[in-house]
Amino acid sequence: MCPTEDHHVSSIVYGRTTNLQPLGVDSAAARQGIKRFELPDEEMDSRLAQRFVQDELLLDASPALNLASFVTTYMEPEAEQLMLQNLSKNFIDAEEYPSCAEVEMRCVNMIARLFNAPLDDPTSEALGVSTVGSSEAIILAVLAAKARWKEMRLAAGKDASKPNIVMNAAVQVCWEKAARYLEVEEKYWYCRPGQYVLDPQEAIDLVDENTILVVGILGTTYTGQYEPIEKLNALLEEKCQKTPGLDVYIHVQVLSRVASINASGHKYGLCYAGVGWALWRGKQFLPDSVCFTVNYLGSPQVSFTLNFSKPAINVIAQYCKSESLIPNKTAHESSDQFLRLGKAGYRAIMETLTSTADYVAEEVMKLNGGDFFELLSEGQAQGLPLVAWRIVKADCPYDDTMAPHTEEMKLLRVVTFLRDLKDTLHYLDHAPAEIQKHLSKSEGSGTLAVAASRVKHSKKQNVHLHEKHSLQGKYGKTHAIC
Ligand SMILES: *Cc1c(COP(=O)(O)O)cnc(C)c1O
């Protein structure tokens, strides 16, 4: 009856063996524990099962303290209640849940209008889908661009076997995945000390007849800076006009040569993890060959997603957050229970985050004598509301590694806090040698909470630490969680 290494035991599960207490306590179960890798032979009391899992999850850090990520960790009780009420709905089942499909369509249209999507008239429907996150949205955008490019090349009797994407090597790992999974060559523009966003001319110089997309990022992973989309757009327009047969588009912002955009629902869309958005400029950028027609209430509906089934609650949560973006809503309608932030609400939150980030940046720059850190992020709303900085005075082991060609640079990034930083600096400087060694060797972003859990999961991680194929493998760039 004794637990072994293969068991998980709980310190909270306790009580009498024979007579389950109201909270599902059971000392025999507590003593024996549960097997880690094997499905139990017998069922157990639901309260006991809940207790075991609840217990296990106590080891996780509190999401509200996670400053390493852009992903939303707070939603109001009303939004959570709405999500709970709709937990059992499968989003793909539009025949059973037509309102969910309607909600998605409204969100797509609101976001498209925010980005000034070129619509035939103010009432036209924009083209886009909800996704599980930005990664799915990006993979879909690359897929559509590749299919369009391939059809164009084949129709012109040209070779269509070597597609490429032009992008900043500071891209998030999902772009590497998209390129690798869809067999598209990655053509990188490399950062250099002092410049971490695409140089528009150098990027456009990389474009050739095999380029299926140029990527522009509004808020890069490392420094939160905005890439110069307008300049990229103008130079690409010029190059395409000068070069017969060249017809290349950008993925991101709505300008004349922008084909597609993705926007994150669970980052600055302010919803819990599980929602993103992909939008296309028009039907010509979403070839039929990648769309599938599913039957919806007896009429066909076009589906272009990686997953089939997925929860409906994330889309519903997004709608709840942004319903008041619907133009021409009357005051009466605006008071309905789903309504929440609207343009004004989002603006207010972003302004608060921006002023907090500006304050933190200013204070961080004052630390350790004032010339210890260099600020890498932009303030005053010229980039994302985050603070990224590096140590200029000494080598420091507790940090992320920058993008390729700037890998000798180490940075720290927080997504908007401060008193703790001073304590942390002190702690790290005086940490036992063992911890210092661990931190200096660890991969991934360097928060202390994560460092602790990393010790626990190190066996699993080591299997993948030796990857050679990615920018992380080649240059030590951190596949940071953003
Ligand atoms: C978070 C992030 C991604 C990946 O998005 P997911 O929603 O986590 O799949 C891609 N690019 C940037 C710039 C990001 O910040």
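The table that follows gives values for the structure above.
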{"read-out": "Some residue of the stretch 134-151 being open to solvent by 20 Å² or more (accessible area, probe 1.4 Å) and at pLDDT below 90", "value": "no"}
{"read-out": "Flag for L154 being surrounded by fewer than 24 Cβ atoms within 10 Å (Cβ to Cβ), assigned to a helix (DSSP H, G or I) and either of a type outside the set (A, V, I, L, M) or modelled with pLDDT of 95 or more (or both)", "value": "yes"}
{"read-out": "Checking A94 against (1) touching a Gly at 6+ places or on another chain (Cβ under 8 Å); (2) farther than 28 Å from C482 by Cα; (3) crowded, with 19+ Cβ neighbours inside 10 Å, the condition it does not meet", "value": "(1)"}
{"read-out": "Members of the stretch 200-227 that are more than 16 Å from the ligand (Cβ to nearest atom) and open to solvent by 30 Å² or more (accessible area, probe 1.4 Å)", "value": "Q201, E202, D205, L206, D208, E209"}
{"read-out": "Total residues in the stretch 128-151, condition touching a strand residue (DSSP E or B) at 6+ places or on another chain (Cβ under 8 Å), part of a helix (DSSP H, G or I) and of a type outside the set (S, T, Y)", "value": "11"}
{"read-out": "Near pairs, Cβ below 7 angstrom, 6+ apart or cross-chain, from the stretch 165-186 (over 17 Å from L140 (Cα atoms)) to any residue that is hydrophobic (A, V, I, L, M, F, W, C) and assigned to a strand (DSSP E or B)", "value": "N168/W189; A169/W189"}
{"read-out": "Complete set of residues in the stretch 228-251 that are within 22 Å of Q380 (Cα to Cα) and buried (at least 18 other Cβ atoms within 10 Å of the Cβ)", "value": "I229"}
{"read-out": "Matching option when the condition is polar (S, T, N, Q) and either outside the structural domain of A112 (by the TED database) or within 16 Å of the ligand (Cβ to nearest atom) (or both), among N262, N233", "value": "N262"}
{"read-out": "Within the stretch 309-346, tally of residues that are at pLDDT 90 or above and open to solvent by 50 Å² or more (accessible area, probe 1.4 Å)", "value": "2"}
{"read-out": "The stretch 160-186, residues that are more than 16 Å from A145 (Cα to Cα) and open to solvent by 20 Å² or more (accessible area, probe 1.4 Å)", "value": "Q172, V173"}
{"read-out": "Failed condition for V275, given (1) surrounded by fewer than 21 Cβ atoms within 10 Å (Cβ to Cβ); (2) in contact with a His (Cβ under 6 Å, 6 or more places away or on another chain)", "value": "(1)"}
{"read-out": "Members of the stretch 39-88 found to be more than 16 Å from the ligand (Cβ to nearest atom), closer than 23 Å to G345 by Cα and buried (at least 16 other Cβ atoms within 10 Å of the Cβ), listed by number", "value": "M75, A79, L82, M83"}
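Residue by residue, here is whether (1) in contact with a Leu (Cβ under 8 Å, 6 or more places away or on another chain); (2) closer than 25 Å to G224 by Cα; (3) more than 16 Å from the ligand (Cβ to nearest atom) holds:
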position: T131; (1), (2), (3): yes, yes, no
position: S135; (1), (2), (3): no, yes, no
position: W149; (1), (2), (3): no, no, yes
position: M152; (1), (2), (3): no, no, yes
position: K158; (1), (2), (3): no, no, yes
position: N168; (1), (2), (3): yes, yes, no
position: Q172; (1), (2), (3): no, yes, no
position: W175; (1), (2), (3): no, yes, no
position: E185; (1), (2), (3): no, no, yes
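The values are calculated or read from the model by the stated rules, or taken from the named source; none is laboratory data. Quantities reported herein were computed from a predicted structural model and do not represent experimental measurements. Methodologically, a virtual Cβ is constructed for each residue, glycine included, from the backbone with ideal geometry; neighbour enumeration extends over all protein chains shown. The protein model used for the area step is the full one, side chains on, heavy atoms only, and it has no ligands, DNA or RNA in it. Shrake-Rupley method; radii C 1.70, N 1.55, O 1.52, S 1.80 Å.
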